[in-house]
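Comments concern the structure below.
The values are calculated or read from the model by the stated rules, or taken from the named source; none is laboratory data. Bear in mind that the values here come from a model prediction, so they are computed numbers and not experimental data. Reconstructed Cβ throughout: ideal geometry from the backbone, glycine too, with neighbour counts over all protein chains shown. Side chains are part of the model used for accessible areas, which takes the heavy atoms of the whole protein and leaves out ligands, DNA and RNA. Shrake-Rupley method; radii C 1.70, N 1.55, O 1.52, S 1.80 Å.
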Amino acid sequence: MGATGYFTHPDCWKHDMGPGHPECPERLSAIEDRLLITGLDMALTRCEAPPAALSDIELAHDRLHVATLRGLSDGLRKSVAAGGAAYTALDPDTSINVWTWDAALRSAGAAIAATDAVIGGALENAFCATRPPGHHACRDKAMGFCFFNNVAIAARHALERHGLERVAIVDFDVHHGNGTEDIVAGDERILMVSFYQHPFYPAGGSVSSAPNLLNVPVPAYTKGMDVRELVELMWMPRLEAFRPQLIVISAGFDAHREDDMGQLGLVEQDYAWITRCIQDVARRFAQGRIVSCLEGGYNLSALARSVEAHVRVLADV
Ligand SMILES: [Zn+2]
């Protein structure tokens, strides 16, 4: 089987949203440490994430949203240089520092470069260990730790720049990918399948708002075995009928039972099992092409172990 890419960039460590914030740079360090300790890094092709072109980001976002974030970032740099506060809050959960703009470009750029590499055949699949995450970022606003919607940008890039006709987005984060849904609802070239804890953050998500979305809300305390059954019964037939040419994953690991950010009961083996299901569809219809982008996952140990399980399946080791 083909090579597995591992995309990241030092700027993704420099973005931070303040002391004690769960979406912290140590998340990436925990992942890197785990891959090194287990030797899994030897099986991966390490790739530097380039900055995304604004024209690609604007395949998924309003120009005004992009310009606003850039303006806030420029303003913060000037104010920090003049001795002002280090952060600008966009909502109660989401702030920028002087590195956020660069990190957000690298995070989206990783997803785009990984898409280019798997479509071009240099890689079979790829994992983007980047932050900020993206699946709450809507067409016209940042929210929930997210600024640019990395998976929606990658999917649109594959459709618009490479001429693909069908791209699936799979989201297994504990939270509903409301931003991705906002951007891709009604775009029949994209099928989005997801499960998430419900009712929970963010509001909404109790039904699928368009025919190209398959939302599977599950109650708090649902265990991995029950999630697996839902994946088998609901996701798989839709994915097989859609015959995707590329699968992009919103890979959040906060549904892990040790992660206090949510109340679902998944463990590492569940992430491996779900990844095998996705890989099975990708190998049957999409030449194995998978671009997986880190979303949530806030218990550092559980996050690192879960990413290892996920990437092991991608890399066949
Ligand atoms: Zn999440």
Can you tell me which residue within region 71-92, out of those that are of a type in the set (D, E, K, R) and modelled with pLDDT of 95 or more, is farthest from Phe148 (Cα to Cα)? Lys78
If I go through region 287-317 residue by residue, how many of them are part of a loop (DSSP other than H, G, I, E, B) and surrounded by 24 or more Cβ atoms within 10 Å (Cβ to Cβ)? 4
With the structure loaded, tell me whether Phe172 is within 16 Å of the ligand (Cβ to nearest atom), in contact with a Leu (Cβ under 9 Å, 6 or more places away or on another chain) and open to solvent by less than 30 Å² (accessible area, probe 1.4 Å) or whether it fails that test. yes
Could you list, ordered by first residue, the pairs with Cβ atoms under 9 Å in which the first is in region 254-268 and at pLDDT below 95 and the second is open to solvent by less than 10 Å² (accessible area, probe 1.4 Å) and part of a loop (DSSP other than H, G, I, E, B), at least 6 apart or interchain? none
Top-ranked residue of region 137-169 - restricted to ones that are in contact with an Asp or Glu (Cβ under 7 Å, 6 or more places away or on another chain) and open to solvent by 20 Å² or more (accessible area, probe 1.4 Å), ranked as nearest to Gln287 (Cα to Cα): Arg139
Restricting to region 175-200, and then to whatever is within 15 Å of the ligand (Cβ to nearest atom) and in a loop (DSSP other than H, G, I, E, B), can you tell me which residue is most open to solvent (accessible area, probe 1.4 Å)? Pro199
How many of the residues in region 256-286 are within 20 Å of His21 (Cβ to Cβ) and part of a loop (DSSP other than H, G, I, E, B)? 5
Taking region 204-241 only, how many residues are under 29 Å from Arg131 (Cβ atoms), open to solvent by 30 Å² or more (accessible area, probe 1.4 Å) and either under 19 Å from the mean Cα position of the chain (by Cα) or touching a residue at least 24 places away in the same chain (Cβ under 8 Å) (or both)? 8
